[in-house]
Each structure stands twice: as structure tokens, then as C-alpha cells.
1. Which cross-chain or sequence-distant (5 or more) residues have an amide H under 5 Å from the amide H of Trp246, H modelled 1.01 Å from N in plane?
2. Between Glu488 and His455, what length in nm is gained on full extension when 0.36 nm per residue of separation is reduced by their alpha carbon distance?
3. Test of understanding: what is the full-extension gain from Glu273 to Val148, defined as 0.36 nm times their sequence separation minus their Cα-Cα distance?
4. With θ set to phi - 60° and the Karplus curve 6.51 cos²θ - 1.76 cosθ + 1.60, what are the ³J(HN,Hα) couplings of segment 345-360 in order, to the nearest whole Hz, using x for Gly and Pro?
5. Would you please give the residues with an amide H less than 5 Å from that of His65, counting only those at least 5 places away or on a separate chain, with H modeled from the backbone geometry?
6. Let me test this: with uniform point scatterers at the alpha carbons of segment 58-133, what is the Debye-based log₁₀ I(q)/I(0) at q = 0.17 1/Å?
7. Using only alpha carbon positions, build the gyration tensor of segment 312-524, then give the equivalent ellipsoid semi-axes as the square roots of 5 times its eigenvalues, largest first, whole angstrom.
8. Using θ = phi - 60° and the Karplus relation 6.51 cos²θ - 1.76 cosθ + 1.60, list the HN-Hα couplings for segment 83-94 in order, rounded to whole Hz, with x at every Gly or Pro.
Amino acid sequence: GKMLGRGTIMFHSYLTIRILTSNMLDAMLLRNGGKGGSERWPEDSSGGTVTVLAPRMLWCHCYHHCPEDSVNNTCVTDGYCFTMVEEEEGGQAVLTAGCLGLAGSEFQCRDTWNVRSRRALECCTDQDYCNQNLHPTLPPLVSSGELVRYMALFISITVCIVILALILLFCYVRYKRQESRPHYSIDLEQEETYIPPGESLKDLIEHSRSIGSGSGSGLPLLVQRTIAKQIQMVKQIGKGRYGEVWMGKWRGERVAVKVFFTTEEESWFRETEIYQTFLMRHDNILGFIAADIKGTGSWTQLYLITDYHENGSLYDYLKSNTLDVKALLKLAYSSISGLCHLHTEIYGTQGKPAIAHRDLKSKNILVKKNGSCCIADLGLAVKFNSDSNEVDIPPNLRVGTKRYMPPEVLDESLNRSYFQSFIMADMYSFGLIMWEMARRSTFGGIVEEYQLPYHDLVPTDPSYEDMQEVVCIKKQRPSFANRWSSDECLRQMGKLMSECWAHSPASRLTALRVKKTLAKMLESQDIKL
């Protein structure tokens with residue numbers, strides 16, 4: 001008995017060093033062990049004894065964890081019997097059994113196994129000595145490879161969470177900074193003016209011209225902003241490299257709204273500036289209504305509001321329509337009239353500068369309801385001030401359309417300080433547009449399908465090198481159908497084209513010369529516009 005007592009004391013010391021949680025087990029067992037029948041009976045206030053039921057006592061088998069007064073490796077408790085297996089430092093499994101006091105034993109029994117301390121504990125209360133039937137097993141060992149994988153996973157997740165938190169913090173700070181900024185200075189909500197009911201856009205434009213608030217230069221700025229704020233977007237009708245085109249409505253009237261990407265601010269600014277040039281308004285130049293910038297510091301929308309033409313661009317119109325003599329000459333004459341007005345400088349106190357388009361193509365010419373054309377998309381336009389003899393070139397990064405570029409632009413020999421170079425470049429592009437029109441004429445009952453210039457010589461999206469080889473090196477031009485030589489009108493049109501797209505800029509016809517030739521052709525056909 002004495003030897004068993006000494007062994008138990010030594011084992012208790014060992015458990016104190018190895019396992020923190022076993023301290024609790026020891027304490028509970030020491031409280032419980034050897035006190036199986038010694039319950040105190042409480043007294044009432046009168047000195048009498050109150051009869052209470054004694055708690056149910058459970059006998060357990062004990063091994064390596066027996067109280068000092070245990071007999072035949074048994075102990076008694078008001079809680080649970082337990083069996084525990086634990087791995088020693090040498091890797092040997094040590095089995096322990098005994099009693100757990102009721103207080104706190106539920107918590108201890110839930111701690112069934114622990115990977116770090118390599119220990120497993122099982123409890124029971126169903127019958128006396130029930131822990132003899134318990135066989136706890138040690139949890140599986142975690143290999144070093146698995147441990148590395150777990151660590152890598154944990155570190156990865158931690159890093160991802162930190163990065164996500166930083167991104168969210170950055171977005172929040174940016175949002176707060178934008179909120180604290182004042183609204184975009186050009187879009188002041190209170191800057192609106194009253195437009196009387198019943199006033200149409202045509203009335204407003206005519207009124208602004210008659211009172212001299214900038215004849216031919218568009219509506220006053222306040223009126224423009226008011227119109228822009230009152231427009232309802234209906235549907236998207238086009239999309240390009242600069243942005244989108246929408247059909248909108250203002251008091252029931254249809255308008256076209258060009259919404260520029262924020263990266264195309266220079267194009268928006270240049271186009272707005274050109275449209276509002278004094279004496280710019282012309283029947284064959286797209287009618288400008290308003291321009292506005294909407295938004296706050298965090299987002300900006302650049303609007304350009306113009307007349308709406310349901311036929312769309314000349315490119316769309318030619319794809320779906322064929323032309324008789326009158327329709328062909330009307331499209332050609334109205335187009336060159338618009339270009340001639342652009343190219344012409346008007347002298348006076350408030351004159352109009354000469355303007356070159358620089359991106360002339362069938363997609364940038366619109367067809368009106370009456371079959372005439374108007375020129376649009378002036379975002380790349382160049383102005384010439386004869387007083388200062390300076391060429392005003394826009395500072396944006398956009399370039400024209402490669403398919404319509406003249407040889408001097410493709411081979412970079414164009415003299416940018418000489419304004420007439422830009423005028424002659426426009427005439428080359430106009431020659432190609434006339435070719436597109438002539439192909440869709442129905443003279444002699446034959447008509448060619450619509451094609452873009454050089455469709456048979458370059459790919460769908462040609463590179464500079466493709467165009468240089470065809471236009472500059474081989475000096476090829478779009479071909480004429482055989483039928484053109486048998487019709488006087490098409491033969492004259494072909495001659496005009498050839499003189500417009502001549503390789504040498506100095507040899508090309510001017511817009512005024514082409515306009516006069518087409519006027520004579522209209523007269524000879526007895527066509528009145």
C-alpha cells in the first residue's frame with residue numbers, strides 16, 4: 001500500500017510538468033477521491049436537519065491515477081469515470097484511468113483529443129467501472145509535409161485578407177476624398193435658365209441668331225446647359241472610338257446625343273469649339289444644339305447635342321439604298337457644299353477661319369430626310385488664322401482613319417505648318433467618298449454592291465504598312481466599273497474622283513472647283529435642288 005502511494009505521488013508530479021489540463025483533472029480527483037460518503041447535512045434556522053437525497057455515487061477503475069485511500073485500484077466519484085491515453089517524450093503511450101469530480105468534468109470530457117499534446121480522453125457514467133470498457137486512441141500524427149502545407153495555406157489566406165483590406169481602405173479613402181471635393185465647376189446645378197413652353201429648338205436657334213448673341217455660333221451657354229439637363233435618353237444608335245451616340249428627346253423633339261469617353265476630352269472640346277465658331281452654321285454641316293459636361297469629381301460625362309437624322313451615316317445609307325442620277329448628284333453636291341463652307345475663310349470684323357476636317361469618310365457624313373448630306377465629327381478639325389498665319393492643330397492623340405489617309409499622311413511627308421496641306425488631304429478623302437457613292441448608282445440597270453475603298457487591295461482593318469504599300473509605293477486607287485465609261489454622268493464623276501485623289505497634293509481639285517463642276521452637272525441634267 002505504501003509503495004502504491006509513493007508511485008501515485010511521483011506520477012502526480014510528472015503530470016504537473018507534462019500537461020496543464022491534467023492539473024485540473026488532479027485537483028478534481030483529489031477533491032473527489034476518498035470522500036465518497038462524507039456529505040454534510042445542512043441545518044435549517046431552527047437547528048433541525050433538512051433531509052436531502054445524497055448524490056448518486058459512481059465506482060470507477062483507477063490506474064496510475066488512484067487516490068491514496070483507494071482499494072484494489074478503485075475510486076468513487078459523484079461525476080464521471082475516465083480513461084486517458086497520452087504519448088510520452090519517447091513516443092510510448094501511457095494509459096491512465098480514474099475518477100472525475102462532477103464540478104467542471106463536462107468541460108474536461110469534451111476535450112476528447114488534442115493534436116499538439118498527443119492525448120485522448122474518454123468519459124462515462126452509465127454504470128460502475130464503466131471506464132474499463134473505454135479504449136481511447138491517440139489522434140493521428142501530422143507529418144511535417146502536411147504541417148508545411150497548412151502553414152502555407154494559412155499564410156496565403158492571411159496575405160489575401162491583408163491585401164483585400166488595403167484595397168478596401170484605398171477605395172474608401174478615395175471615395176471620401178472625392179466626396180469632399182466641390183462639384184465640377186462647369187456643371188453648376190443652379191445655372192439654368194427658363195425656356196418658355198412651346199419653344200422649339202429651331203425657334204431658339206433662330207431667336208439667338210436674330211438678336212445677335214453670336215450669329216451662327218450656337219445658343220447661349222445657359223440655354224445649352226438647360227437643354228442638356230432636360231434631355232431624355234431613348235436608345236443607343238451608334239458607338240465609335242470616341243464614345244457613343246444616343247437618340248434623345250427634348251420636349252418631344254428628337255436629338256442626337258454624342259457621349260464622349262473621358263479619355264476623349266480633347267475631341268469633345270475641339271468639336272464644341274469648332275461648332276461654336278462664328279458663322280459656322282450651314283445646311284450641309286451637322287446642326288449643333290448644345291454641349292455640356294455632367295458629373296462630379298469622381299465621374300464625368302461629356303455631351304454634344306446635335307440634330308438627329310434618322311437615315312444615319314452615308315455609309316449606312318449606301319449599304320441599304322441604290323441611287324438614281326438625281327440622288328447621286330444631290331448627295332455629292334450637298335457633301336461638297338458642306339466641305340467647301342468648312343474650307344472657306346470668311347473675312348470681316350468677326351470672320352470665320354478656314355477649317356480642315358482631317359477625318360473625312362462616309363461614316364462621318366450624315367444623310368438628311370430630304371436626301372442631302374451634312375458633315376459631322378469635327379473632333380480632329382484644324383483651324384487657320386490668316387491674321388496670325390498660324391495653323392491651330394488640336395492637341396489630342398487621335399489620328400484619322402487609315403483607309404482614307406492620303407499618301408502624304410501615310411508616308412509622313414505632310415507639312416503640318418502649311419494649312420493648305422490639310423485642305424488637300426481632305427480632297428483626297430472626298431474623292432474616295434465619291435467613288436463609294438458612284439458604285440451604288442443604277443445607271444443602265446446595273447449596280448455594284450456597296451464596298452469600302454480599297455476593299456480588294458487591303459484587309460478589313462488595314463495597317464499603316466498595308467496602306468503605304470498600296471497608296472504610296474504601288475500608287476493604286478479604287479477601280480472603275482466598265483459601265484462607267486458608257487454613261488456621261490459616271491464618266492464625269494470618275495474624272496472628278498481621279499483629280500481629287502491625285503498622288504501630288506498640288507494637282508488635286510479644290511472643294512470650290514468640285515462644287516462648281518457638280519453644279520454644272522446638275523444643271524445639265526435639269527435637276528434643281
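1. The answer is Ile237, Val257, Lys258, Val259.
2. Working: separation 33, 0.36 × 33 = 11.88 nm, distance 2.56 nm.
Length gained, Glu488 through His455: 9.3 nm.
3. On the way: separation 125, 0.36 × 125 = 45.00 nm, distance 6.61 nm.
Length difference between fully extended and current span is 38.4 nm.
4. Karplus values, whole Hz, x for Gly and Pro: 8, 10, 8, x, 4, 10, x, 10, x, 6, 10, 10, 6, 6, 8, 7.
5. Ala97
6. Log10 I(q)/I(0), no solvent term: -0.62.
7. Numbers: eigenvalues 147, 89, 48 Å².
Calculated on Cα positions only, the semi-axes equal 27, 21, 16 Å.
8. 9, 10, 10, 9, 8, 7, 4, x, x, 7, 8, 10
Read the figures in this text as sums done on the coordinates, not as results from a lab. Not measured: the values here are computed from a predicted model. Glycine gets a Cβ as well: all are built from the backbone with ideal geometry, and neighbour counts include every protein chain shown.
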